[in-house]
Amino acid sequence: MGTGLMLKKLLLLWQGIRHLSGDDAYERYLLHHHVQHSQENIPVLSKAEFFKRWQDQQWQGIKRCC
Amino acid sequence: MNAIKTSLIWLLISLVGASAIGGIALHRGESINALWFITAALCVYAIAYRFYARWLSTRVFVLDETRATPAERLDNGSDFTPTHRWIVFGHHFAAIAGPGPLIGPTLAAQFGYLPGTLWIIFGAVLGGCVQDMAILFLSTRRNGKSLGQMSRDELGLLGGSAALIATFAIMIILISVLGLVVVNAMKHSPWGTFTVAATIPIALLVGVYMRYLRPGHVLEASALGVGLLLCAVAAGGFVDSHPTLHKWFDQDGLTLAWCIMGYGFAAAIMPVWMLLAPRDYLSTYMKIGTISLLAIAIVLLQPDIKMPALTPFIEGNGPIFGGKLFPFVFITIACGAISGFHALISSGTTPKLISNERYIPLIGYGSMLLESFVAIMAMIAATVLEPGVFFAINSSAGVVGSDALAATAKITAWGYPVTALQMQSLAQQMGEATLFARTGGAPSLAVGMASIFGSAFGQGMLAMWYHFAIMFEAIFILTTLDAGTRVGRFMLQDMLGNLWPKMAETSWLPSVILSSAVVVAGWGYFLYIGVIDPNGGVNILWPLFGIANQMLAAIALAIATGILVKSKQLKFSWVTAVPLLWLVIITTTTAWQKLVSPDVRIGFLAAAEQLSLQLNQHLLSPEKASVAPQLIINLNVDAVITFIFTSLMWLIVLDMLHTCYRYLTDQPTSPLSETPHEVSLLNAEWVRD
């Protein structure tokens with residue numbers, strides 16, 4: 001395996017970890033906002049504001065099991 | 001040519017798997033290598049996933065790749081979002097895998113390694129995985145509806161209410177038994193108590209860090225937290241050796257139980273970001289890290305299993321819990337083989353994230369395979385201990401006596417040699433005063449893990465590894481405890497809202513406090529009784545939890561069977577009907593024995609009767625006599641609960657059969673609630689990334 005391919009796989013893994021943990025949630029939100037709501041006049045949330053909403057929303061319903 | 005090659009590979013996997021299963025099943029000797037267990041499990045999983053899960057997808061559930069999933073149709077960028085399959089897999093696995101698959105196999109090891117191992121492997125591939133996948137599929141076809149909603153839609157009001165009650169009940173019993181496991185791990189262990197206590201301020205700090213100091217920097221905050229947790233494990237050693245601090249953290253079971261109740265109440269009313277969310281991050285990383293480390297250590301070290309394949313305790317009279325192999329092994333190991341609780345997760349967040357139906361086998365069936373594998377590793381960690389040591393750690397004082405010499409003599413007389421000196425030196429190595437009567441699974445698992453880690457990564461740090469393992473188990477037990485209390489609170493608020501709408505407002509403080517207090521009082525009661533019970537409490541609570549969990553699984557499978565029949569798939573409905581039948585048999589048999597068995601270690605009522613007889617004739621020591629009245633009441637309460645659980649399960653199964661009968665005889669039934677087909681427009685490999 002070449003170094004380039006290896007690096008690419010590691011990068012993919014890192015992206016996966018960030019996605020799973022929600023570390024990149026704000027970036028994904030900005031992208032979603034840009035794609036879906038760019039025509040409408042919805043203001044973009046700040047990172048702190050977005051994170052509050054995201055975290056509260058993550059914890060609705062049954063999230064953990066035995 | 002390629003087809004032949006593939007066939008040959010699968011043939012080889014089948015042969016290796018069959019010989020590994022045969023090896024562990026027929027082996028009768030001194031010891032057997034743990035790699036046989038890993039090989040057997042992995043081969044069976046591979047075959048089951050490749051053939052059974054695929055067959056289920058194409059023939060039974062008929063997954064449709066062209067069909068748009070709720071994540072696509074209802075995409076709102078938050079709860080409904082098409083997400084990459086491996087990300088969903090990660091979320092789903094993190095949600096289903098709790099402390100259950102670690103505790104159940106450890107307790108069931110009293111029967112020997114074989115029964116538990118076979119049930120974990122085959123129960124998962126034929127039961128648990130099918131249940132998880134079926135419910136995930138059904139919920140995905142119904143806009144991510146919850147199990148309760150689906151059962152109301154498909155079976156009617158009765159099914160819906162029963163599912164709701166079952167969920168609430170299982171939550172209460174689950175939390176109390178988990179609390180008891182933590183108490184047994186922490187009592188008179190200053191090192192363990194300090195480490196577990198330290199997880200609370202660490203979680204608070206991580207919470208503040210990711211909310212206010214560096215908003216949204218989740219990984220950074222988590223790394224900080226994990227680092228602090230490891231420091232806390234090391235600092236515990238200092239606390240243990242410090243005379244004053246030692247005394248502070250050296251507490252008896254009851255004090256610790258009250259602390260846990262106070263903690264649970266605080267966690268339920270605090271905002272999630274403060275405690276629940278950061279604790280959840282920490283526990284998820286610890287869980288994934290430790291389990292991977294354990295897998296690596298087992299493969300590197302290839303430890304020998306010292307426990308025999310079967311012990312004489314399959315006949316009943318086991319020291320950890322009473323009851324014969326059938327049905328008790330199937331009740332003791334719920335998570336890891338089949339767990340009804342998973343149906344709540346499979347019909348919760350996960351179906352709202354799946355981007356295409358073709359990933360349902362990976363996420364539904366695959367995650368459960370991985371959980372089953374975690375259970376196999378717990379079984380290995382418990383059975384690498386000398387059986388004498390295993391029984392000395394796990395047998396309660398009520399069974400073997402509280403004197404070390406008497407206890408070891410009794411265990412040695414069972415045929416599992418162990419000496420008081422050996423236990424003393426083991427406790428010393430682990431940095432504990434004693435390891436006797438630490439019923440519940442966590443300490444013996446920690447000793448097993450510590451010895452595996454110690455042999456693989458350095459023998460010098462056994463005490464550190466032991467307390468690391470205790471911290472690792474405690475942290476996600478407490479996560480389940482506070483998340484469960486919170487969910488219980490919401491459910492109760494919802495139920496009370498039917499009587500008085502204001503109660504349903506989740507931010508109205510009086511309702512929050514009242515419902516949290518009721519939930520904590522519910523599990524706190526069982527925890528309290530478990531702690532004062534001289535027989536350890538686990539022998540009563542764990543079977544109750546098993547019955548509750550299997551009952552929930554039976555409800556889920558009944559819903560799935562009913563829907564399969566109504567979807568004109570009668571000829572394939574056995575895929576859920578057979579596991580359902582099995583669960584009905586084992587839960588009913590267990591419940592029956594728990595109610596009518598004359599053996600006081602099994603029958604609740606027999607035990608209550610014997611205790612009150614002894615109390616009346618003044619045969620009990622003053623210490624036992626003081627708690628006897630409470631124990632008697634509790635045994636009766638347990639009997640009533642068992643009866644209610646079983647009746648609920650039967651009601652739902654009969655309701656399902658009635659619905660099927662009506663459908664098959666062309667009488668009107670409630671229509672299928674599946675959402676209509678819409679063509680999927682998503683086609684990317686990495687969805688939105």
When you go through (1) within 12 Å of chain A (Cβ to nearest Cβ); (2) more than 20 Å from the chain's Cα centre (by Cα); (3) more than 30 Å from residue A:51 (Cα to Cα) one by one for residue B:335, which number turns out not to apply? (2)
Show the residue pairs meeting these rules: Cβ distance below 6 Å; 6+ apart or different chains; first residue within the stretch B:52-71 and in contact (Cβ under 8 Å) with a residue 12 or more places away in the chain and farther than 15 Å from residue B:356 by Cβ; second residue assigned to a helix (DSSP H, G or I) and β-branched (Val, Ile, Thr). B:60/B:575
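If we only count helices (runs of 4 or more DSSP H) wholly inside the stretch B:51-122, which ones have 1 or more residues that are within 26 Å of the chain's Cα centre (by Cα), surrounded by fewer than 22 Cβ atoms within 10 Å (Cβ to Cβ) and within 13 Å of chain A (Cβ to nearest Cβ)?
Because the criterion is at least 1 residues that are within 26 Å of the chain's Cα centre (by Cα), surrounded by fewer than 22 Cβ atoms within 10 Å (Cβ to Cβ) and within 13 Å of chain A (Cβ to nearest Cβ), the helices (runs of 4 or more DSSP H) in the stretch B:51-122 that meet it are B:85-96.
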Among the residues in the stretch B:600-612, are any buried (at least 19 other Cβ atoms within 10 Å of the Cβ) and within 23 Å of residue B:153 (Cα to Cα)? no
Where residue A:24 falls short, out of the listed (1) more than 8 Å from chain B (Cβ to nearest Cβ); (2) without any contact (Cβ under 8 Å) to a residue 12 or more places away in the chain; (3) surrounded by fewer than 16 Cβ atoms within 10 Å (Cβ to Cβ): (3)
Of the residues B:511, B:516, which single one is in contact with an Asp or Glu (Cβ under 8 Å, 6 or more places away or on another chain) and either surrounded by fewer than 24 Cβ atoms within 10 Å (Cβ to Cβ) or in a helix (DSSP H, G or I) (or both)? B:511
Members of the stretch B:362-404 that are under 16 Å from residue B:90 (Cβ atoms) and not β-branched (Val, Ile, Thr): B:362, B:364, B:365, B:366, B:367, B:368, B:369, B:370, B:371, B:373
Take the conditions more than 23 Å from the chain's Cα centre (by Cα), more than 14 Å from chain A (Cβ to nearest Cβ) and surrounded by 22 or more Cβ atoms within 10 Å (Cβ to Cβ) and apply them to residue B:587. Does it pass? no
Tell me, yes or no, whether the stretch B:232-247 has at least one residue that is within 12 Å of another protein chain (Cβ to nearest Cβ) and surrounded by fewer than 23 Cβ atoms within 10 Å (Cβ to Cβ). no
Among the residues listed as A:60, A:15, the single one being part of a helix (DSSP H, G or I) and within 9 Å of chain B (Cβ to nearest Cβ): A:15
Is one or more of the residues making up the stretch A:35-45 more than 8 Å from chain B (Cβ to nearest Cβ), exposed (fewer than 12 other Cβ atoms within 10 Å of the Cβ), of a type in the set (D, E, K, R) and not in a helix (DSSP H, G or I)? yes
With the checklist (1) more than 8 Å from chain B (Cβ to nearest Cβ); (2) surrounded by 12 or more Cβ atoms within 10 Å (Cβ to Cβ) in hand, flag the one item residue A:52 doesn't pass. (1)
Among (1) over 16 Å from residue B:477 (Cα atoms); (2) buried (at least 18 other Cβ atoms within 10 Å of the Cβ), there is one condition residue B:278 misses while meeting the rest; what is its number? (1)
Test result for residue B:176, within 14 Å of chain A (Cβ to nearest Cβ), in contact (Cβ under 8 Å) with a residue 12 or more places away in the chain, buried (at least 21 other Cβ atoms within 10 Å of the Cβ) and among the polar types (S, T, N, Q): yes
Taking the options B:476, B:457, name whichever one is of a type outside the set (A, V, I, L, M) and either within 14 Å of chain A (Cβ to nearest Cβ) or buried (at least 21 other Cβ atoms within 10 Å of the Cβ) (or both). B:476
Pick from B:500, B:465: which is of a type in the set (Phe, Trp, Tyr), in contact with a Gly (Cβ under 6 Å, 6 or more places away or on another chain) and free of Cβ contacts under 8 Å to residues at least 24 places away in the same chain? B:465
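Quick note: the coordinates plus some simple rules give every number you see, no bench work behind them. Owing to the predicted nature of the structure, the values given are computational and were not obtained by experimental measurement. Heads up, the Cβs are rebuilt from the backbone with ideal geometry, glycines too, and the neighbour counts pull from every protein chain shown.
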